[in-house]
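Just so it is clear, none of the values below were taken in a lab; they were calculated from the coordinates. Just so it is clear, the model here is predicted, and its values are computed rather than measured. Because the Cβ atoms are built from the backbone with ideal geometry, glycine has one as well, and the counts that use them run over all protein chains shown.
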Amino acid sequence: MSNRNSDLRSAGAKTAPRELKQERAGHTRRQLLNAAARAFAEKGYPAVTLQDIADRAEVTKGAVYFHFANKEAVAVAVTEEFYTQLPSVAESVTAKQLPPLDAVAEFLMRTAVFLRDNPVAQAGARLQIERNLVDADMPTPFSEFTQLLTELLARAQSEGDWRPTADAAVIARVIVAAFFGSQHISWVEHNREDLTARVQEILDVVLLCGCNV
């Protein structure tokens with residue numbers, strides 16, 4: 001019995017350092033993603049170096065290479081992180097169980113705040129604009145975002161609350177184009193400080209005025 005307990009303690013002792021090492025590695029990767037997001041959002045992909053990212057994360061350049069093969073891999077990871085975080089905005093809206101058009105408005109407004117305040121979102125949006133400069137396969141832009149809007153608009157149409165002159169999928173694509181175009185202009189002109197006001201303009205024109213019969 002004592003030998004068995006000793007074996008269990010030995011196995012536990014081996015497992016604990018391994019788990020601790022994995023935890024540290026995960027923490028460092030998170031540091032690097034956050035640092036890279038800030039760098040890409042502020043400077044743009046071409047101007048950022050791996051040394052910039054290492055300095056911002058307060059790690060060595062070797063630590064960057066441990067997690068990412070090159071700058072392209074970092075850019076892809078940051079963009080993927082943007083699309084990983086974006087669904088949480090949708091989930092917070094879905095949880096409120098709003099009528100579909102109210103849900104569209106809430107989703108766009110919350111996403112606007114997300115883009116205004118979150119460096120990962122800002123970096124993801126900028127990297128999509130600069131995707132032709134990244135020598136790697138970047139995620140398809142805003143596909144799930146567009147799909148959610150399409151579903152909400154189609155539901156509003158089927159429930160009779162909304163009678164657009166165009167297909168819900170077409171209107172969703174127009175909204176997405178207007179939304180991300182507006183966030184880009186807002187970023188360039190006012191550092192996104194007026195983004196929620198611009199999004200409200202989109203909602204007023206597309207949902208309240210332009211699509212009713």
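Structural remarks
- If you go through the stretch 30-60 and keep only what is over 22 Å from GLN128 (Cβ atoms), of a type in the set (Asp, Glu) and not in a loop (DSSP other than H, G, I, E, B), you end up with just ASP55.
- Out of ILE185, ILE175, sole residue that is crowded, with 17+ Cβ neighbours inside 10 Å and either of a type in the set (Val, Ile, Thr) or closer than 18 Å to ALA105 by Cβ (or both): ILE175
- Screening the stretch 156-172 for residues that are buried (at least 16 other Cβ atoms within 10 Å of the Cβ) and free of Cβ contacts under 8 Å to residues at least 24 places away in the same chain and picking the one that is farthest from the chain's Cα centre (by Cα) gives GLN157.
- Scanning the stretch 114-130 for residues that are of a type in the set (D, E, K, R) and surrounded by fewer than 17 Cβ atoms within 10 Å (Cβ to Cβ) returns ASP117, GLU130.
- The residues of the stretch 96-122 that are within 25 Å of GLY44 (Cβ to Cβ) and in contact with a helix residue (DSSP H, G or I) (Cβ under 8 Å, 6 or more places away or on another chain), listed by number, are THR111, ALA112, VAL113, PHE114, LEU115, ARG116, ASN118, PRO119, VAL120, ALA121, GLN122.
- Looking only at residues of the stretch 105-155 that are β-branched (Val, Ile, Thr) and in a helix (DSSP H, G or I), we find that the one that is nearest to the chain's Cα centre (by Cα) is VAL120.
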